[in-house]
Amino acid sequence: MSIERFIACPECATFRRADGSDCPGCGSTRVVGKVSVAAAALMAGLAVTGCIGPGGGGDGDAVALYGVPDTSVFEDNDGDGYNSDEDCDDDDPDIHPDAEEIAGDGVDSNCNDDDDT
Amino acid sequence: MKKPARRLFRDDLERDRPVYAVWELTLACDQACRHCGSRAGSSRAQELDAEQVLDTAAQLVGLGVREVTLIGGEAYLHPQLIDVVRVLHHGGVRVTMQTGGRRVGLALVKALKGAGLAAIGVSIDGLREAHEELRAVPGGWDACFRTLAVGRAEGLIVTANTQINRLNMGELRELAAVLQGAGVRVWQVQLTVPMGRAADRPDWIVQPWMILDIVETLADIQRDAIARELPFEVFAGNNIGYFGPHEAVLRSRPGLPPTHWNGCRAGQQVLGIEADGVVKGCPSLPTAPYDGGNLREVSLEQIWQHADELAFARDRDTSELWGRCAGCYYAPTCMAGCSFTAHCTLGKRGNQPFCWYRADQLRREGLREVLVHAEDAPGTPFDFGRFELREEPWPG
């Protein structure tokens with residue numbers, strides 16, 4: 001099922017469509033881009049980490065239900081010092097954001113979405 | 001590659017597969033909370049037997065469920081709790097437990113941790129007076145904090161879960177400070193819904209316009225924790241929101257871009273199991289309209305794939321919406337918020353008055369909505385009565 005994603009308005013932080021139509025919170029028609037989304041995140045009090053932009057149909061969201069809140073992001077399965085929210089392979093202790101990258105080995109060892117740097 | 005268990009990825013969303021399950025092991029409970037949605041206390045008449053319990057655990061593993069939260073009643077009153085944790089953990093499932101925390105001692109926590117439990121959540125519904133009024137058992141508040149302390153000491157992630165109602169809505173800041181002091185890492189907040197015993201206390205249910213102050217207060221608490229770099233996350237449950245300027249701060253997770261409510265996931269990526277084997281699309285849904293079948297008679301996989309009662313959210317569209325939700329800017333994504341909250345309040349899904357955006361829009365029009373109790377609940381687990389919704393001028 002495809003879910004329409006909204007973008008935080010750079011003027012008031014209310015979620016709105018990214019097509020430049022009126023924001024339902026403040027009426028702003030300012031076109032939303034990566035920089036303004038980052039501004040909206042900061043306005044909302046959020047630290048801007050990771051990529052900024054619309055997700056793909058809820059991609060990456062956590063399931064919230066009655067019961068224990070989502071805490072799986074706070075675990076470090078491979079014991080390399082990085083929790084699963086920042087470790088791109090939390091089953092391999094040789095892969096984490098501070099690991100040495102070996103260019104061209106087909107593995108993104110330092111979690112920068114690139115095997116060459 | 002292992003990813004956080006409850007993060008939903010494109011493949012999960014496209015295939016409608018069970019990612020997260022909440023399993024009521026028993027309805028037996030050592031408390032008798034006056035707002036308990038399942039009217040817990042005594043065991044259900046026919047709870048799954050030992051063999052069926054272990055088979056259910058194996059079926060959850062086989063279906064590829066990534067996290068299971070064990071609840072009750074009180075899950076620790078079930079004789080096979082440790083075995084269930086072990087089977088699930090060995091099957092690669094992340095296992096967590098939600099508890100009222102009245103009798104969780106060191107030996108139990110060690111056994112749970114040894115079997116593979118990852119996190120324990122304790123239900124704390126206010127400061128001492130409000131909590132104990134709701135629990136109907138003296139001493140319960142202190143017991144909750146002992147449970148948190150033991151859990152932390154043994155290396156479990158500890159969380160707290162609070163139902164917000166009229167008894168505690170005025171003390172959220174104070175409660176947050178106490179929880180921060182107790183080392184709570186994540187605080188899940190949700191509204192008390194008029195289901196089960198809470199349906200018998202309509203005076204405890206917040207009015208829809210009260211959501212404005214509640215959400216703003218929770219967002220302030222979260223922003224303050226961020227500013228002070230406290231490891232304390234306010235996690236908005238499914239029935240609190242939606243879409244206002246505070247949505248991102250209450251629904252986004254560490255390391256991810258700002259996000260918002262994306263609609264009820266019942267029967268799409270989540271399921272709930274009752275102690276007698278009934279399977280629903282979400283553990284909180286009222287039983288009678290959402291009973292998808294019983295594990296005594298049919299497999300979990302068959303229920304997941306074929307039960308209409310679980311599939312209601314998979315292919316629906318905005319024609320299901322009514323009232324103010326039908327014409328909302330966010331309607332196709334929101335689909336009237338939390339299904340169980342809407343159903344238990346107004347008698348059917350599709351119109352959810354506990355919404356910041358809606359209450360704010362009404363306020364701008366000089367209006368607010370109030371719920372008027374219209375029908376009692378029959379008195380069975382996961383039952384509900386009915387309220388009528390009226391608009392009135394915003395005072396002053």
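Just so you know, all these numbers are worked out from the coordinates, no wet-lab data involved. Everything numeric in this text was worked out from a predicted model, so none of it was measured. Don't worry about glycine lacking a Cβ; one is built from the backbone with ideal geometry, like all the others, and counts go over all protein chains shown.
Using the Karplus equation 6.51 cos²θ - 1.76 cosθ + 1.60 (θ = phi - 60°), what ³J(HN,Hα) coupling, rounded to whole Hz, does each residue of the stretch A:6-18 give in order, writing x for Gly and Pro?
10, 10, 5, 5, x, 8, 9, 6, 5, 6, 8, 6, 8
For labels at A:Ser21 and B:Arg103 in the simple 7 Å Cα→Cβ model, what's the distance in nm?
The modelled label-to-label distance comes out at 5.7 nm.
Check chain B for me: any Cys whose beta-carbon has no other cysteine beta-carbon within less than 4.7 Å?
B:Cys29, B:Cys144, B:Cys264, B:Cys282, B:Cys325, B:Cys328, B:Cys334, B:Cys338, B:Cys344, B:Cys355
Which GluC sites (Glu not before Pro) does the stretch B:31-101 hold that lie in a coil by DSSP with at most 15 other beta carbons within 10 Å?
Details: sites: B:Glu47, B:Glu51, B:Glu67, B:Glu74; in loops: B:Glu47, B:Glu74.
Sites meeting the loop and neighbour criteria: none at all.
Where the centre of each part is set by its Cα atoms, how far does the stretch B:140-173 sit from the stretch B:37-112, in angstrom?
Taking the Cα centre of each part, the stretch B:140-173 and the stretch B:37-112 sit 20 Å apart.
For A:Ala62, enumerate residues with amide H under 5 Å from its amide H, sequence gap 5+ or separate chain, H modeled in the peptide plane.
So A:Ala62 has HN proximity to B:Leu8.
What is the average number of partner chain Cβ atoms found within 10 Å of a Cβ in B:181-191?
Details: counts 0, 0, 0, 0, 3, 6, 1, 8, 1, 4, 0.
Per residue, the average neighbour count from other chains is 2.
Give the long-range amide H neighbours of B:His78: residues separated by 5 or more places, or on another chain, with amide H under 5 Å away, using H modelled in the peptide plane at 1.01 Å from N.
none
Write out the GluC sites (Glu not before Pro) in the stretch B:266-322 meeting two conditions: DSSP loop, and at most 11 other Cβ atoms within 10 Å of their Cβ. All intermediate terms of the calculation are to be shown ahead of the outcome.
Working: sites: B:Glu274, B:Glu297, B:Glu301, B:Glu309, B:Glu320; in loops: B:Glu274, B:Glu297, B:Glu309.
In loop regions of the stretch B:266-322 (DSSP not H, G, I, E or B), the sparsely surrounded GluC sites (Glu not before Pro) are B:Glu297.
Please compute the Cα-Cα pair-distance distribution of the protein assembly as shown with 20 Å bins starting at 0, giving whole percents from short to long.
Calculated over all Cα pairs of the protein assembly as shown, the distribution is 23, 60, 17, 0 percent.
For a quick check: with amide H placed at 1.01 Å from N, whose amide H comes under 5 Å from B:Ala136's, ignoring anything fewer than 5 positions away on the same chain?
Counting only residues 5 or more places away or on other chains, the set is B:Arg34.
Can you bin chain B into rounded, prolate or oblate? Criterion: square roots of the alpha carbon gyration tensor eigenvalues sorted a ≥ b ≥ c, rounded for a/c under 1.5, prolate for a/b above b/c, oblate for the rest.
It comes out rounded by the Cα gyration axes.
With the cut-off at 26 Å, report for the stretch B:283-396 the share of all Cα pairs above it, as a whole percent.
The answer is 30 percent, as a whole percent.
For the protein assembly as shown, how many pairs of lysine residues have a Cα-Cα distance under 29 Å, where the two are 8 or more positions apart or belong to different chains?
10
With the Cα gyration tensor of the stretch B:54-176 giving a ≥ b ≥ c as the square roots of its eigenvalues, does the rule (a/c under 1.5 for rounded; else a/b larger than b/c for prolate; else oblate) give rounded, prolate or oblate? The partial results should precede the final answer.
Numbers: a/c = 2.25, a/b = 1.93, b/c = 1.17.
Prolate.
Give a residue-ordered list of calculated ³J(HN,Hα) values for the stretch B:113-119 (Karplus: 6.51 cos²θ - 1.76 cosθ + 1.60, θ = phi - 60°; whole Hz; x for Gly, Pro).
3J(HN,Hα) across the stretch B:113-119, in whole Hz: 4, x, 7, x, 5, 9, 8.
Taking a point 7 angstrom from the Cα of B:His373 along the C-beta vector, which residues in the stretch B:132-164 have backbone N less than 12 Å away?
none
Counting only Cα, what are the radius of gyration and maximum Cα-Cα distance Dmax of the stretch B:220-259, in Å?
Every Cα atom of the stretch B:220-259 included, Rg and Dmax give 9.9, 27 Å.
I need the shape label for the stretch B:183-226. Rule: rounded when a/c is under 1.5, else prolate if a/b > b/c, else oblate, with a, b, c from the alpha carbon gyration tensor. Show your work: numbers first, answer last.
Working: a/c = 4.51, a/b = 1.76, b/c = 2.57.
Oblate, because a/c is 1.5 or more while a/b does not exceed b/c.
Compute the distribution of all C-alpha to C-alpha distances in the stretch B:1-78, in bins of 5 Å from 0, and list the percent of pairs in each, rounded to whole numbers.
Cα pair-distance distribution for the stretch B:1-78, in percent: 3, 13, 20, 19, 14, 13, 11, 5, 1.
Could you state the per residue volume, in Å³, of the convex hull enclosing the Cα atoms of the stretch B:272-317? Show your work: numbers first, answer last.
Numbers: hull volume 3.1 nm³, N = 46.
Per-residue hull volume (Cα only) is 67 Å³.
For the protein assembly as shown, what does the helix formula give at 222 nm: sum of -39500 (n - 2.57) over DSSP H segments with n ≥ 4, over the residue count, nearest 500 deg cm²/dmol? Mind showing how you got there, number by number?
On the way: 15 runs with 135 residues, N = 513.
One gets -7500 deg cm²/dmol as the mean residue ellipticity at 222 nm.
How high is the relative contact order of the stretch B:1-145, in percent, with contacts defined as C-alpha pairs under 8 Å that are six or more residues apart? Before the final figure, lay out the partial values.
Working: 231 pairs, mean separation 35.4, N = 145.
Once normalised by length, the contact order is 24 percent.
Could you give each residue of the stretch A:91-99 its phi-based ³J(HN,Hα) in whole Hz, using Karplus coefficients 6.51, -1.76, 1.60 with θ = phi - 60°, and x for Gly or Pro?
Values per residue, Gly and Pro as x: 9, 10, x, 8, 10, 5, x, 9, 6 Hz.
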